[in-house]
Each structure stands twice: as C-alpha cells, then as structure tokens.
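Enquirer: Have a look at the structure that comes next, please.
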Amino acid sequence: MSLRALWIISHEKGEHASIRFSRRFATVELRAKRLSGSSYVAVPEDDCFLQLLLTELGLSGSKQAFVAQRDDCLYRPRSPALELHITAPVKGTLWPVLAISQAHLTLACLPLVDASPGQRPPLSSLLSESQGLSFLAGLQTFLLAPGSKQDGEGLVSRLALLPSVLLQKQPAWRTGLYRGRAVVNVSVVETVRSMQYGNRSRQDLWDVYGTVACKCEVEGVLPNVTVTLSLPPNGSPLQDILVHPCVTSLDSSVLTASSVEHWDGSAFSGPYKFPFSPPLEPFILCSYTSQVPVPPILGSYQLKEEESQLHVSVVLKLHESVKNSFEYCDAHLPFYNRDQMGVVEVKVSSGQLDVSKEKNLLVWALGQKFPKTREVTMEGKILFSGPEPGPSEPLCTGLTAYIKLYFKVPDTTLSGCSVDQHSVQVYSSAKPRIVTSRELHSKDYWIWNSTAFSLPHNHKHKSPP
C-alpha cells in the first residue's frame, strides 16, 4: 500500500476544525511526480487542504449554500473518493482523496494512483483505493476504542503513538494482550435499500450490502484466526469486497468482483476464507455488496383524491425467499402539506394501526410475521379537516407521497451469506467458544405513491428527511 499523505481532523460541524495529525511520505510523493509528469499536482499545505476538504464535505460552516464545483448537477461525486480543486500556487485537481467520518473525527488519505499521466481509471480497478479505505477503517478502530471519548485522554494518547505505530511492521491495531476465557464472535449483518415507484416509466431500485463484524477474545501476542463465508448453491458472488488491514492473505480473485462491471457468471463464488490476526476491540473484518433478483418486500401504494377525502390503498408482499420471522416490521405513512388529520377510516388486514393526527402520520405495526399468504393490505379514507396545518415537505406536494418500511429479520441474509461455527479456525493455546449470527435489516426502504403525477428527476436518488 502506498500513501502520499495522511490527515486526521477533528471538527464540530465544520467549526473549531483542526488537523490533529498529518504525515507526508516523501518517497511515495516522488513516485507520484514521476508517474504524473506534467499533470502532477502537489499535496497542498495542511491549512489549505483542511479548508478544501471541509468545503467538499459541506462542513465548512460557510454561509454560501451553493458551491458550483461541488453542487452543480454536472458534477458526479464518487464518495468516499473525493476530488479537491486547488487554485494556488498551481491550479489542479487532487484525486482520489479518501475520507471517512465518525462523529467529530474525519480521517483522510491520498493514495498513489499507478496510471498513465492524465488518465483516471475506474475506482473499481484501483487496488490502492481499497487498500486506502481498509487502512482508514483500521486506523479509525485503533483511534476510537470502545468506551473512549474522542476529545478524551484515550484519543490523545493514541494520536501520540501514531508516529511510531506507522513505522511498525507488527499490527498497529493490536495494542495489548488479552487474558481470560477465549471467545470468538462473528456476526454477518446485511442491509437492504429500495426505491419502489410502481410505475413503468421508472425502474425500481434496490441494493444489498453487508458487513462481517468480529470480536476475538483470544490469548497470545499474534493469534491467528480464519473465518470462512459460505454462499448457498447458485448464490450470486459477493462483490466490492473490502477487508480490514489485519487480514494476512487473500486470494486476488476475491477482490476483483465489482458491482459496476458486467457479471458474466465466471466470478469467484466462494467459499471466502479470511485469515487474520485480530485486534483486541470489535472490528469490521470485511464489507461487501450482493446483487439479489428482487427486494424482500414488494409494495403497491395508491392515493386518490375523492371530494375532500384521500383514499388510501396499500398492498405489501413478502417474497417467498425471505424468512417469515421478523424482530419487527413497521410501515410509516406520512402526509405532508395538508391540514391536520380529522376523520380517519382506515383498516388493515393484519397488524395494528396507530394514528398520529398531529403529525399526519400512520404507523402500521405488522408484527413478527406476515400471514400465510405473505400479503397484507390497507384500505380506507382520510379527511384532513384539523384546525392546524400539518408538517410540510417541499418534495411531497399534491399526491406525491411515500411509505417507509422499517424491519429486521434475525438469522437470515438476502445473499444467503453465512458463517458456520465449525468453519472458524483459531490457532491458540486455548480452545475458544465460537458464536456466530446473521441478520437482515432495512435502511432507506421507500415505496412511492404510483398515482402521483410526477416525481422530479433530480430527486431520483434522494430521500426525504
């Protein structure tokens, strides 16, 4: 892995921002200069870099709401790979600047791009980007140990260790020894997002991404652990895999599968073996994406104005491939830019309906199971005749409205990815107890009213607050 520069920044919504640590790597910078030739752009001074990064992230605290180079619709950001536009002393673009944030701490680095002058390869083909993101994730885990405060003594002491840590060949993330009963906990968590329009003119969207979290309480200076991820027969290969720096070796074919490239069926489909020497703290062993053929819950949402009333019709179908056992499953139906609700005559075929007239909100608690038909419905009418206006939302005018689903399904994943207890190998003096789990939950799962006149195209990938 080759980095041109590294920065650690603390801030509070852009205010009181300061660089807590920075490092430039002269030998790597010399390679960057030779590779780039006349298109070489030098790494700016810390103060200049800080302002450019905060502006790009929208954290500068500036009263200027619109920044052309950042907010123009022609600019297509590729987060977390940012481009910073430098104007002095030499005009140019710094790319790709990788940045990850947690609370009031932002970590950024500039990896070396091994490419011909003037060329910008696809991000998916850049090994340096994956390595840089994995390095930042490991560094974030090292700095923000569980239970420590970012402005406390724990962060200060770890920042003080960084100069020597960056020179060590042994894992920087393992800062001590564990003593106690040996336990290895591995958890696979998948998140599904969806945008369903119910309209032939708009393609429904969904994606799945997962993380494998580990906590390894194992004795020894450098204990070795191997975790194996398995897929069901004919399962879609995992893609866009990023691994923690503690992973000691990996088949190159694991890292080449990318969601932005056409899959021809020849991609590596597992099993995926990850040998590593674990940190003491809980950490993310790897992350991935997966292409699934359908979203777990398909929805139909229709609103019709009938005189002074709004007719509501909803159908939700649980796909047959999804386990019918929820920890929770709720559907929220907000109504904006109307008077407060008056008379609500709405019935559901399953679950319970809670009406909040002040918030113009219907909360449909579907419970822990769909019925045997795997289909639930809502039908009824709402009269908005309250004494006060309800909440407003610029996007949801007229019949433009949405349902947002919140659900969690234990002991399942959409990709079928799992970790068998017997596949976890631990090379240590004491035999550990192995605990594995998996779960699926939703995030940004929207079902739009299909009878709305239109949805602005520039909001296609944006979600209401």
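Enquirer: Filter the range 406-427 down to the residues that are open to solvent by 40 Å² or more (accessible area, probe 1.4 Å) and more than 29 Å from the chain's Cα centre (by Cα), then identify the one that is modelled with the highest pLDDT.
Expert: In this case the residue turns out to be HIS422.
Enquirer: Also, quick follow-up: Which one of ILE9, ILE100 is closer than 20 Å to LEU155 by Cα, surrounded by fewer than 18 Cβ atoms within 10 Å (Cβ to Cβ) and at pLDDT 85 or above? Step through it out loud before you land on a result.
Expert: Working: ILE9 fails: surrounded by fewer than 18 Cβ atoms within 10 Å (Cβ to Cβ).
Exactly one of ILE9, ILE100 is closer than 20 Å to LEU155 by Cα, surrounded by fewer than 18 Cβ atoms within 10 Å (Cβ to Cβ) and at pLDDT 85 or above, namely ILE100.
Enquirer: From SER300, SER321, which residue is among the polar types (S, T, N, Q) and in a strand (DSSP E or B)?
Expert: Values: SER321 fails: in a strand (DSSP E or B).
Every option except SER300 fails the conditions.
Enquirer: Yes or no: ALA26 open to solvent by less than 50 Å² (accessible area, probe 1.4 Å) and either over 30 Å from the mean Cα position of the chain (by Cα) or not charged (D, E, K, R) (or both)?
Expert: Considered against the rule, which asks whether it is open to solvent by less than 50 Å² (accessible area, probe 1.4 Å) and either over 30 Å from the mean Cα position of the chain (by Cα) or not charged (D, E, K, R) (or both), ALA26 comes out as no.
Enquirer: Restricting the range 103-152 to residues that are assigned to a loop (DSSP other than H, G, I, E, B) and at pLDDT 85 or above, which is farthest from SER164 (Cα to Cα)?
Expert: VAL113
Enquirer: Residues of the range 30-39 being open to solvent by less than 60 Å² (accessible area, probe 1.4 Å) and either under 19 Å from LEU6 (Cα atoms) or not in a helix (DSSP H, G or I) (or both), which ones?
Expert: Scanning the range 30-39 gives a single hit, ALA32.
Enquirer: Okay, moving on. Restricting attention to the range 205-223, does a residue exist that is surrounded by fewer than 17 Cβ atoms within 10 Å (Cβ to Cβ), more than 16 Å from the chain's Cα centre (by Cα) and polar (S, T, N, Q)?
Expert: no
Enquirer: So, one more: Tell me which of these VAL292 doesn't satisfy, since it passes every other one: (1) open to solvent by 40 Å² or more (accessible area, probe 1.4 Å); (2) modelled with pLDDT under 95; (3) among the β-branched types (Val, Ile, Thr).
Expert: (1)
Enquirer: Are any residues in the range 379-405 under 26 Å from the mean Cα position of the chain (by Cα), of a type in the set (A, V, I, L, M) and under 23 Å from ALA365 (Cβ atoms), and if so, which ones?
Expert: Listed by number, the residues that qualify are ALA401, ILE403, LEU405.
Enquirer: Tally the residues that are hydrophobic (A, V, I, L, M, F, W, C), in contact (Cβ under 8 Å) with a residue 60 or more places away in the chain and either crowded, with 16+ Cβ neighbours inside 10 Å or closer than 17 Å to TYR328 by Cα (or both), restricting the search to the range 363-398.
Expert: First, pick out the residues of the range 363-398 that are hydrophobic (A, V, I, L, M, F, W, C): 363-366, 370, 376, 378, 382-384, 395-396.
Filter once more, keeping what is in contact (Cβ under 8 Å) with a residue 60 or more places away in the chain: 376, 378, 382-384, 395-396.
Next, only the ones that are either crowded, with 16+ Cβ neighbours inside 10 Å or closer than 17 Å to TYR328 by Cα (or both) stay: 376, 378, 382, 384, 395-396.
The number of residues fulfilling the criteria is 6.
Enquirer: To continue, here is another question. Only one of SER350, SER321 is over 17 Å from ALA401 (Cα atoms), among the hydroxyl-bearing types (Ser, Thr, Tyr) and open to solvent by 70 Å² or more (accessible area, probe 1.4 Å). Can you tell me which? Outline the logic, then answer.
Expert: Working: SER350 fails: open to solvent by 70 Å² or more (accessible area, probe 1.4 Å).
Sole residue among the options that is over 17 Å from ALA401 (Cα atoms), among the hydroxyl-bearing types (Ser, Thr, Tyr) and open to solvent by 70 Å² or more (accessible area, probe 1.4 Å): SER321.
Enquirer: State whether the residues of the range 154-173 include one that is in a loop (DSSP other than H, G, I, E, B), of a type in the set (Ser, Thr, Tyr) and at pLDDT 70 or above. Step through it out loud before you land on a result.
Expert: Initial filter on the range 154-173 (in a loop (DSSP other than H, G, I, E, B)): 166-173.
Next, from what is left, pick out any that are of a type in the set (Ser, Thr, Tyr): none.
The answer is no; no qualifying residue exists.
Enquirer: Here's something else I'd like to know. If GLN51 meets every condition in (1) polar (S, T, N, Q); (2) in contact (Cβ under 8 Å) with a residue 24 or more places away in the chain; (3) in a helix (DSSP H, G or I) apart from one, which number is that one?
Expert: The single condition GLN51 does not satisfy is (2).
Enquirer: Scan the range 412-431 residue by residue and report those that are out of contact with any Lys or Arg (no Cβ under 6 Å at 6 or more places or on another chain) and part of a loop (DSSP other than H, G, I, E, B).
Expert: Within the range 412-431, LEU414, SER415, GLY416, CYS417, VAL419, ASP420, VAL424, SER428, SER429, ALA430, LYS431 meet the criteria.
Enquirer: Return the total of residues in the range 323-342 being among the aromatic types (Phe, Trp, Tyr) and either closer than 13 Å to GLY398 by Cα or at pLDDT below 95 (or both).
Expert: Selection size over the range 323-342: 2.
The values are calculated or read from the model by the stated rules, or taken from the named source; none is laboratory data. Remember, it's a predicted structure, so these values are computed and weren't measured experimentally. For neighbour counting, all protein chains shown are included, and Cβ atoms are generated from backbone atoms with ideal geometry for every residue, glycine included. Areas reflect the complete protein model, heavy atoms only, side chains present, ligands, DNA and RNA absent. Shrake-Rupley method; radii C 1.70, N 1.55, O 1.52, S 1.80 Å.
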